[in-house]
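A short worksheet on the structure shown next.
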Amino acid sequence: MDAEPCRTGPVWVSEALRVLGKALEGSCAPSTVWFKESSQKNLRSRDFLVPSGALRKSFPDGEVPADLIQKLMSLVTPGLPPVKKCLQAEAGLVIQLDRPEVFYRVLKDFTPYMKPLPTADDGQDIVILNCAPLQSCKSLDTLRLSHLRAVLLADHLAEVLTLKGKQVYLVPALLCKEVEEFLSHLGISWSCLVDTPSLEETVSSFKDFLRDCIPNSTDVDSTQSPGVIGVQLKTLAEKHNLCLQGYDPNVDFFPVNEDDLRHIARLQKSVQETVKTSSCTVLHIVSCEEQFHQQKLDLLWKLMVPSIRDVTQKHLISGPVKVLNSTLPTSCLQYFQLRKSQMLEASVMKYGESVQGESWDQIIDSLTSAAIKFELMAIPHRSQVNLNLEEVNITTKGTKSGAFVMYNCARLATMFDSYNNAVSQGSYPEFPPAENLNYSSLREEGEWLLLFNYIMMFPEVLSQSAQMSATSPGIRVTANTEAVCKFLVSLSMDFSCYYNRVHILGEPLPHLFSQMFARLQLMKAVQSILHSALKMLHILPLTQI
């Protein structure tokens, strides 16, 4: 069979695992599975592995038949990376890919790796993201750190779900210009529109409905809370056969005020304006302190508007944010200003008096935005974030910080600027077409690590970060909102090790150009991955530092 036609189209790790697993069907026990290797040590000798323990369970003598090994060696299918060798070793059944061929298949056109893998449609074409803390945020002073975390999560989810092909709508429109300006410093563009008169008409109709149509609803006698209406939620929910699976068992009496009704009215308006014929999910992004209250609003909405019971409502909980070594509350503005001053101080210490002017203002703003987002988003959304406001590793010295990721973006940009300047001076030739490069010259361990663990895995990370089941039982969902941050940190660490060890821009000698161009093409792919991932966080990558 002519191998040339197989050199078309991208290759996928997920497809390799699927095809290799299918090839073992009937020969091995169902529990026998392939694993993708990721550590630099193991990648020296193998890319995929069935552990020896699993083989002993599948074959009586622990020996893999020669015809099965030959079958695995001869697999050819679209999307499957070409196999170089398959053998049984001490670790188990080992496959090593034809690495020069994989480099060629990926790097000649790496644009397919900038998108999430296609997944089975969950039927929810429209997602309304309700960032609950913003519903009552009337000034920057009322925006707590836990609220800011919820906003960042909502903003990130909107980006990854849109990339996945969903129609995403953010609710509510911001109530305060001051909050809008603050969020813009973090790269978040959130519409800032005033509520229309029709919204107040809906609120008024909800009040009339509660007083006239809901039995046992009462005006709560309180001089501090005028206009509050008490509703027995649990009793009414059971009467109307509403499923209470996943709700707090203490959800019962609810003193409903105008802000609550306005919150529901905005959600009602968003559903009416966006849902035509497609199904819809309303995802409430709520801080842990307010999750109980959001459950009450969820039930009240269903009771007042029966048609909403067909709309899927899910709750994604944002964990608390705790400031360490401080007894005083820290506002979002104070937190931002502190991190910005630390970024400025670190930059001045490293680059001296050149740190001034508009371009440096933009650099400091980008570094600050990255630092804050990685701090608040790099751990699972339901876990507590512990902020050490005196943490020196928040600067570029800390390899797990957003600033470190940005620093490596700048290193790549500077390297490509150096190459382009050398081309303009005639030292280097123009970059040749990617499909004409000699990828067999990429023999460094770090080069395969960057390709196999990051470029080829980025679609999987994007799919993982947008993965949530809207049809799962109960009302809570989890999402892998930390996946992109963790991926960027890991990529930056391995790229930095490679960059510090390998001289990419070699001497301007013709016999060195082939390897230099192959390495530069690999770096182009790494740069594209970094920029695409940062876009998912609305962080502007640095082009100089």
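General remarks:
- One residue alone among 216, 250 is at pLDDT 85 or above and in a loop (DSSP other than H, G, I, E, B), and that residue is 250.
- Breaking point among (1) at pLDDT below 90; (2) in a helix (DSSP H, G or I), for residue 299: (1)
- Segment 167-192 residues that are touching a residue at least 40 places away in the same chain (Cβ under 8 Å), paired with ones that are of a type in the set (Phe, Trp, Tyr) and buried (at least 18 other Cβ atoms within 10 Å of the Cβ) (beta carbon under 7 Å, 6 or more apart): 170/190; 174/190; 185/336
- Taken over segment 171-189, the residue count meeting the criterion of being out of contact with any helix residue (DSSP H, G or I) (no Cβ under 6 Å at 6 or more places or on another chain), crowded, with 17+ Cβ neighbours inside 10 Å and closer than 30 Å to residue 112 by Cβ is 0.
- Strands (runs of 3 or more DSSP E) within segment 73-144 that include 3 or more residues touching a strand residue (DSSP E or B) at 6+ places or on another chain (Cβ under 7 Å) and under 30 Å from residue 163 (Cα atoms): 126-131
For (1) of a type in the set (D, E, K, R); (2) under 17 Å from residue 457 (Cα atoms), each residue gets a yes or a no:
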{"site": "57", "(1), (2)": "yes, no"}
{"site": "68", "(1), (2)": "no, no"}
{"site": "73", "(1), (2)": "no, no"}
{"site": "77", "(1), (2)": "no, no"}
{"site": "85", "(1), (2)": "yes, no"}
{"site": "91", "(1), (2)": "no, no"}
{"site": "106", "(1), (2)": "no, yes"}
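- Options 472, 463: the member that is assigned to a loop (DSSP other than H, G, I, E, B), outside the structural domain of residue 315 (by TED's automatic domain parsing) and under 30 Å from residue 311 (Cβ atoms): 472
- Lone qualifier among 23, 16, 54 - being in a helix (DSSP H, G or I), in contact (Cβ under 8 Å) with a residue 24 or more places away in the chain, farther than 29 Å from residue 432 by Cα and in contact with a Pro (Cβ under 8 Å, 6 or more places away or on another chain): 16
- Listed by first and then second residue, the pairs with beta-carbon distance under 8 Å, at least 6 apart or on different chains, first residue in segment 453-480 and surrounded by fewer than 20 Cβ atoms within 10 Å (Cβ to Cβ), second of a type outside the set (D, E, K, R) and in a helix (DSSP H, G or I), are 460/13; 460/14; 464/483; 480/464; 480/465.
- Residue list for segment 66-81, filter: buried (at least 17 other Cβ atoms within 10 Å of the Cβ) and within 30 Å of the chain's Cα centre (by Cα): 80, 81
- Near pairs, Cβ below 6 angstrom, 6+ apart or cross-chain, from segment 123-138 (at pLDDT 90 or above) to any residue that is part of a loop (DSSP other than H, G, I, E, B) and surrounded by fewer than 22 Cβ atoms within 10 Å (Cβ to Cβ): 127/166
- From the options 168, 179, residue that is part of a helix (DSSP H, G or I), β-branched (Val, Ile, Thr) and modelled with pLDDT of 90 or more: 179
- Among the residues here, residue 285 does not qualify as within 25 Å of residue 184 (Cα to Cα), among the aliphatic types (A, V, I, L, M) and in contact with a His (Cβ under 8 Å, 6 or more places away or on another chain).
- Test: residue in segment 450-463 that is under 30 Å from residue 243 (Cβ atoms) and out of contact with any strand residue (DSSP E or B) (no Cβ under 9 Å at 6 or more places or on another chain): yes
The values are calculated or read from the model by the stated rules, or taken from the named source; none is laboratory data. Computed from a predicted model, the values in this text were never measured in an experiment. Cβ sites come from the backbone with ideal geometry, for glycine too, and all protein chains shown count toward neighbours.
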